[in-house]
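Report on the following structure.
The values are calculated or read from the model by the stated rules, or taken from the named source; none is laboratory data. Since the structure is predicted, the reported quantities are computational estimates derived from the model, not experimental observations. A quick note on method: Cβ atoms are made from the backbone with ideal geometry, for glycine too, and the neighbour counts reach across all protein chains shown. Just so you know, the surface numbers come from the protein's heavy atoms only, side chains and all, with ligands and any DNA or RNA stripped out. Shrake-Rupley method; radii C 1.70, N 1.55, O 1.52, S 1.80 Å.
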Amino acid sequence: MVKQGITTAAPAIAPDGGAGPLDRLGRPMRDLRVSVTDRCNFRCPYCMPGEVFGRDFVFLRSDEVLRFEEITRVVRVAAGLGVTKIRLTGGEPLLRRQIEKLVMMIAAVDGIETALTTNGSLLVGKARALKEAGLGRVTVSLDSLDNTVFQAMNGVGFPVERVLEGIAAAAEAGFGPIKVNVVVKRNINDRSVLDMARFGRENGHTVRFIEFMDVGATNGWRLDDVVPAAEILEAIDAVFPLEAVPADYPGEVARRYRYRDGGGEIGLIASVSQPFCRTCTRARLTADGNLFTCLFATAGHDLRAVLRATEDDAELSALLARVWRARGDRYSEERSSLTSAGKRIEMSYVGG
Ligand code: SAM
Ligand code: SF4
Ligand code: SF4
C-alpha cells in the first residue's frame, strides 16, 4: 500500500486562492455532500448488506430528518464559507419525496453548482423534473452490465435494464456526459470492467472505477477484495489505449484518463491504493443534520440542534467554521494503522 506523508503547517491562504476557513492541514471547504435520506431500495453488500439492513433495521424518523428549508439554510451558510459544490446523495436520494423541490431551492443559492448521485432505479420518472429544477450533473452508480452480476451487487435482484433506461433518460433530459460509478470488487465484478469501459465509450458517458472501500463497519471489507486502480487502468489500456489528463481543479478525486482514439474519458478513484486526503475539501451532512468532516469519521457535529434553536445564520456559520478549522482528518493516508479501530458510521448514513 502506498503511504504518503503530509505537512501539518496550515498556510493562511487557500491553495485555490478562494475564501473561507482552512482546516489544520490548510485545506479549504469547497464541497458539501448532503445525504437526504438514510433509506435505500437496494442492498448493495458493500454498502447496506441485507443481513444488517433488514426488516428490523431502524431508519431515521421523518421528524429527525432535516426539512428542505433547513438543508437550504446550511447550503447558504456553507456557500458563505467557500463551498461551491453540493452533491445530493444518500441512501437513495430519489426516494426522498419531491427531491426536485430541494434541487430548485439549492440551485437558487448564489455560487452553488449542484449534482446528485443515484442508483438510477427511479431516474426514468425523475430525470426531466430534476433538469427543470436546475440540477447541474447526475452520477449514476452501475457496477456491471451483466444482469446476474448486477442483481447480486444490488442485493435485491434489480434488473440492469431499468438502470440503463434511467441513464438514457438522464442523457435525453440533457445531463450528458453522465458519470457512471463502478465499485470494483475482486472476483465479483472485476470481469465487468472492460464491458463498462466499452459502454462508456459507446454512449459518451464517463465511467469512474472506484476501489472498494472500508467504509462503515458492516460490509466485511478485506484488502484482498480491493482491485487496485493501477490494475484496472492496465486492463483497460491494454484494449483501449489511454493517456493521463490533468486534473480539472484542485481536489478532484478521480484521476482522469482519455482514450487515445478520442473515445472519451474514464476516471479512477483510488481511495485505498493512492489516497488523496491532502486535497480533500469535502464535508458531509447526514439526513438528520450531523456534519462530518471525513467519510471515515466516528462522530459528527449536530447542526440540527442549532438549526432548530436559532434563526441566526451567523451562529450557524461560526459553528461550521469552528468545526472546519479543527479538522485534521486524513483517514485514507493512515488506513493501515486504523482499519480495525473504533466504530465507524455507515456510508448510507453519511452519504457517499
Ligand atoms: N444510492 C446512491 C448510489 O448508489 O449512487 C447514492 C449513495 S451511494 C452511498 C454513493 C456512492 O458510494 C455510490 O456510487 C456507491 O457505489 C459508492 N459506495 C458505496 N459503498 C462503497 C464502498 N464500500 N466502497 C466504494 N464505494 C462505495
Ligand atoms: Fe443504496 Fe447506493 Fe448504498 Fe447501493 S450504494 S445500498 S444503492 S445507498
Ligand atoms: Fe477526505 Fe477522509 Fe476520504 Fe481522506 S479519508 S479523502 S480526509 S473523506
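Per the Debye formula on identical point scatterers at the alpha carbon atoms of the chain, with no solvent, log10 I(q)/I(0) at q = 0.11, 0.14 Å⁻¹ is -0.72, -1.25. Under a Cβ-Cβ cut-off of 13 Å, what is the net charge of the residues other than Tyr259 that fall near it, where Lys and Arg count +1 and Asp and Glu count -1? Net local charge, Tyr259 excluded: 0. Entry note, the chain: the mean residue ellipticity at 222 nm calculated from DSSP H runs of n ≥ 4, each adding -39500 (n - 2.57), is -9000 deg cm²/dmol after division by the residues and rounding to the nearest 500.
Farthest towards the positive end of the charge dipole of segment 21-350, among the residues Leu307, Ser348, Trp221, is the Cα of Leu307, using unit charges on the Cβ of Lys, Arg, Asp and Glu.
The modelled label-to-label distance for the pair Arg278/Glu234, using points 7 Å beyond Cα in the direction of Cβ, is 2.5 nm. The distance linking segment 188-261 with segment 13-49 is 20 Å (Cα centroid to Cα centroid, whole angstrom). Annotation: extensible slack from Ser62 through Val156 equals 31.4 nm (criterion: 0.36 nm per residue apart, minus Cα-Cα distance). For Ala169, the shell of other residues with beta-carbons less than 11 Å away shows a net charge of +2, using +1 for Lys and Arg and -1 for Asp and Glu. Sorting Val58, Val184, Val52 by accessible area puts them as Val58, Val52, Val184; the probe is 1.4 Å, largest comes first, and only protein heavy atoms count.
For Glu234, the solvent-accessible surface with a 1.4 Å probe is about 130 Å², rounded to the nearest 10.
How do 298-305, 217-224 rank on mean C-beta neighbours within 10 Å, highest first? Mind dumping the intermediate values first?
On the way: 298-305: 16.5, 217-224: 14.5.
My ranking of the peptides, most packed first, is 298-305, 217-224.
Taking all protein chains as shown and a probe of 1.4 angstrom, Ser317 keeps an accessible surface of around 30 Å².
Could you give the size of the charge dipole of segment 21-350 about its Cα centre, using +1 on the Cβ of each K and R and -1 on the Cβ of each D and E, expressed in debye and rounded to the nearest 20? Mind showing how you got there, number by number?
Numbers: 45 positive and 44 negative charges, 91 e Å.
Rounded to the nearest 20 debye, it is 440 debye.
Using a probe radius of 1.4 angstrom, the carbon and sulfur fraction of the accessible surface of segment 21-350 is 50%. The lysine pair count for the chain, using Cα distances under 24 Å and pairs eight or more places apart or on different chains, is 12.
Can you tell me the accessible area per residue over segment 150-254, all protein chains present, probe 1.4 angstrom, in square angstrom? Don't skip to the end; give the middle numbers.
On the way: 4580 Å² over 105 residues.
Heavy-atom accessible area per residue stands at 44 Å².
If contacts are Cα pairs under 8 angstrom and at least 6 residues apart, what is the relative contact order of segment 117-189 in percent? Working shown, then result.
Values: 98 pairs, mean separation 31.0, N = 73.
RCO, segment 117-189: 43 percent.
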